[in-house]
Amino acid sequence: MRLLTLLLTAAALQAQTPCAGLPPGKHSLLERFTEQFGLTCEQQLKIEPLLHAEESVSRPLLAFTAFSPEEQRAVMTKIKLAARRQIKSMLTPDQQKEMDQEIASVAASATKGGKKGTPKKEPPKVDPFESEETLSKAILDYAALMPEEKTALVLQVKRAARPGLTPDQQTKLDTDIARLTK
């Protein structure tokens, strides 16, 4: 019993001690994962870039106004699940069991809908074509997604963006869509 207490205390101290080598700034999800899974410093250093990569897709997704809130939530869930799949491979077997619960929780939250009662901020005005191109590129660059997931998501983005574009931009998207569906 005493050994278990010592191990739990050591794990708690390790979770509280900042990991040397992490870039400066707030890493709230990494901190939550560190506490939840008992990540080592080595694991944190490997996982932090993956969470940063997830954010590189999430930000353009949140700025993409052609999706309905439901479509945006569904794509966000796919991005989060892909990140967690990728992170899971870096965990110990016991941590992987915990990650399975995290994955189930993320998947279940997707079916519940977004936060109710919180007014959505008006997104900054962005060029719809530029927004589509930025999000499509971010999806294609996101290593956590499998190739078929990338193709399906990019097609979804291009099809959603199409109605709000000029005829020339629509023609370019039509060409992209035809290329992706072959």
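The values are calculated or read from the model by the stated rules, or taken from the named source; none is laboratory data. Keep in mind that what you see is a predicted model, and the values were worked out from it rather than measured. Ideal geometry is used to build each Cβ from the backbone, glycine not excepted, and the neighbour counts take in all protein chains shown.
Output the residue which, of all residues in region 43-86 that are hydroxyl-bearing (Ser, Thr, Tyr) and under 21 Å from residue 33 (Cβ atoms), is surrounded by the fewest Cβ atoms within 10 Å (Cβ to Cβ).
The residue in question is 56.
Select from region 138-182 the residues that are within 20 Å of the chain's Cα centre (by Cα), farther than 22 Å from residue 68 by Cβ and assigned to a helix (DSSP H, G or I) and list them in ascending order.
Scanning region 138-182 gives 140, 141, 147, 148.
For region 1-44, enumerate the residues that are at pLDDT 50 or above, over 16 Å from residue 94 (Cα atoms) and hydroxyl-bearing (Ser, Thr, Tyr).
17, 28
Pick from 54, 35: which is touching a Lys or Arg at 6+ places or on another chain (Cβ under 8 Å), on the phi < 0 side of the Ramachandran plot and of a type outside the set (Gly, Ala, Ser)?
Sole residue among the options that is touching a Lys or Arg at 6+ places or on another chain (Cβ under 8 Å), on the phi < 0 side of the Ramachandran plot and of a type outside the set (Gly, Ala, Ser): 54.
Given (1) modelled with pLDDT under 95; (2) loosely packed, with under 12 Cβ neighbours inside 10 Å, identify the lone condition not met by residue 106.
Residue 106 satisfies all of (1) modelled with pLDDT under 95; (2) loosely packed, with under 12 Cβ neighbours inside 10 Å except (2).
Any idea which of (1) outside any helix (DSSP H, G or I); (2) of a type outside the set (D, E, K, R); (3) modelled with pLDDT of 95 or more is the one residue 114 doesn't satisfy?
Result: residue 114 fails condition (3) only.
Can you name the residue in region 68-89 that is hydrophobic (A, V, I, L, M, F, W, C) and either at pLDDT below 95 or closer than 17 Å to residue 150 by Cβ (or both) and is also nearest to the chain's Cα centre (by Cα) among such residues?
Of everything passing the filter in region 68-89, 79 is nearest to the chain's Cα centre (by Cα).
Test each condition in (1) farther than 17 Å from residue 96 by Cα; (2) in a helix (DSSP H, G or I) for residue 29 and report the one that comes out false.
The single condition residue 29 does not satisfy is (1).
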